[in-house]
Amino acid sequence: MQSEIKIGQRFKFILSENPSQEREAVVTRVLSNTEEGLGPEVGYYLAYWVEACELPETETPTTLVFERGTDFNVYLDGRPVSITLLSDLSVSN
């Protein structure tokens with residue numbers, strides 16, 4: 001399964017347990033299971049990994065690691081997450 005998200009892409013995400021709080025992040029790395037250092041059996045469960053920094057940036061950036069499951073769902077720390085990719089036109093500076 002190929003990643004549709006690219007380095008530098010901004011996106012909004014909502015944790016399933018707190019749907020009223022929308023957060024934003026920017027992708028810093030997209031990794032395969034092999035690049036993440038995992039064995040081939042992980043491929044039955046996870047398709048790829050996305051590292052992102054939460055926005056707005058702070059002195060000590062918060063790095064988040066999202067996993068895309070083979071079930072086509074996205075997870076953050078094992079919790080389901082809803083993701084909305086932002087187009088370049090909708091990103092504000």
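The values are calculated or read from the model by the stated rules, or taken from the named source; none is laboratory data. Please read all numbers here as calculations on a predicted model, not as lab measurements. Because the Cβ atoms are built from the backbone with ideal geometry, glycine has one as well, and the counts that use them run over all protein chains shown.
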| task | Among residues belonging to the stretch 33-52 that are buried (at least 16 other Cβ atoms within 10 Å of the Cβ) and touching a Leu at 6+ places or on another chain (Cβ under 9 Å), point out the one that is modelled with the highest pLDDT. | result | A52
| field | Condition check for R23: surrounded by 14 or more Cβ atoms within 10 Å (Cβ to Cβ), modelled with pLDDT of 65 or more and not acidic (D, E) | value | yes
| request: For the stretch 53-86, enumerate the residues that are in contact with a strand residue (DSSP E or B) (Cβ under 7 Å, 6 or more places away or on another chain), modelled with pLDDT of 85 or more and not in a strand (DSSP E or B). | output: N73, L86
